[in-house]
1. Looking only at the stretch 100-118, filter to residues that are of a type outside the set (S, T, Y) and under 20 Å from the mean Cα position of the chain (by Cα); which one of those is most open to solvent (accessible area, probe 1.4 Å)?
2. Restrict the check to the stretch 124-131 and report whether at least one residue is assigned to a helix (DSSP H, G or I), open to solvent by 10 Å² or more (accessible area, probe 1.4 Å) and of a type in the set (K, R).
3. So which of A341, A330, A305, A347 ends up being at pLDDT 95 or above and either of a type outside the set (D, E, K, R) or open to solvent by 40 Å² or more (accessible area, probe 1.4 Å) (or both)?
4. Is one or more of the residues making up the stretch 50-65 free of Cβ contacts under 8 Å to residues at least 40 places away in the same chain, of a type in the set (A, V, I, L, M, F, W, C) and open to solvent by 40 Å² or more (accessible area, probe 1.4 Å)?
5. Can you name the residue in the stretch 76-99 that is among the hydrophobic types (A, V, I, L, M, F, W, C), open to solvent by 60 Å² or more (accessible area, probe 1.4 Å) and part of a helix (DSSP H, G or I) and is also nearest to K157 (Cα to Cα) among such residues?
6. Would you check which residues across the stretch 102-123 are assigned to a loop (DSSP other than H, G, I, E, B) and among the polar types (S, T, N, Q) and list them?
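The values are calculated or read from the model by the stated rules, or taken from the named source; none is laboratory data. Since the model is a prediction, treat every value here as computed from it, not as a measurement. Here the Cβ positions follow ideal geometry from the backbone for every residue, glycine too, while neighbour counts run over all protein chains shown. Ligands, DNA and RNA are excluded from the accessible area calculation, which covers all protein heavy atoms including side chains. Shrake-Rupley method; radii C 1.70, N 1.55, O 1.52, S 1.80 Å.
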Amino acid sequence: MHAVSHLASKYAQSNASPQVALIAEGGGQRGIFTAGVLDSWLDDGFDPFDLFIGTSAGSQNLSSFLARQKGYAKRLIRGLSRHKRFYRLGRGLVGGNVVDLDWYFEQTRQGMFKLDLNAATASLGHRQLLITTTNASDRKGYFLSPSSKSQWRELLKASSALPFLYKQGVKLTPWLNDNACNSDKACNNGAAEHGASDNSASAHGAASNEGIGSDFYLDGGLAAPLPVREAYRRGARKIVVIRTVSEDFQAQSAWVHKLKSWICVSGFCPKTIDYLVQHEQAYQDELDFIANPPEDVEIVQIFAAENLQSKLLGSTDADLRHDYHAGISAGKQFLTQDPMALTQMNAYFHTQVQTNAHTQTHIQANSQIQPFSALSA
């Protein structure tokens, strides 16, 4: 299986300085693979990106990367997400939240789990970080940028609030009305004709912004699980995507649609089923875009060479360590094969890094990187 997959047109390759986007997929504890990829880049001082978009656990990984806290995301996943206080199925039986996101994000304010948002803000600079959420009322995806440390944590919480695990969702404060990306004129520029989804609020202009500050927000993966089209619409012409599934992953499962038809025939259709169907359709739309991209974009996907061993929740520590090292290896392999990495395009990394001499290579349209074992390191 290929660990790094390139899809590029001749036009995209000839573009001297396209905007570069980094997208981090969600996946719960499987996000430890992404943590490994990003930690390997921190080691090498690699950060050429203009735009960051994170979904669920992916948004936490990007925040750790921007804070330059190597090993931080790994500590959160191996420590906090496996803590008995965080995940208790029994709480759901008595009306509580199965996952305690309030406790989880409170731990990021101090001690060994403190997220250095001052450093993250400084390294982000004039670039843009978008954290995806799903509005519980209209079920559309919103791409939101934090402008303070308190907002940053609330958005991370909202992006990770899976329905029926964190039942209510997160009620974002009134600042959302001023900062929601779908009220930004820039959201309506660019590539709307190349796949602006009905599930994306930013495709609807400012009109859909009315009243959203009073709504609850849920995991961004429900409406925007893999926001490649959003990055393209915003002007990115090289898009690097860190995936937490296998390369042959199929988004749509026949059993979900059968289950919906069986259950909903009585007229009662639990929201859970609708969320599952919506997630699968949104995912498939993104996969279709990746498989048939516009001519002016290069899309690079980073996968584990073998199936990840960790799960959404309930992973063993051994499985998490395995997948973290798989991420480290995949990240290192990317640095040895991608032309952007080979030319040391690290304009945003303000650390003195020892660089190695590389021979620049060019990847032809639709070429494939040679497979390697992501478990070798």
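1. D116
2. no
3. On the way: A341 fails: at pLDDT 95 or above; A305 fails: at pLDDT 95 or above; A347 fails: at pLDDT 95 or above.
The match here is A330.
4. No, that holds for no residue.
5. The extreme case among them is L89.
6. Scanning the stretch 102-123 gives a single hit, Q110.
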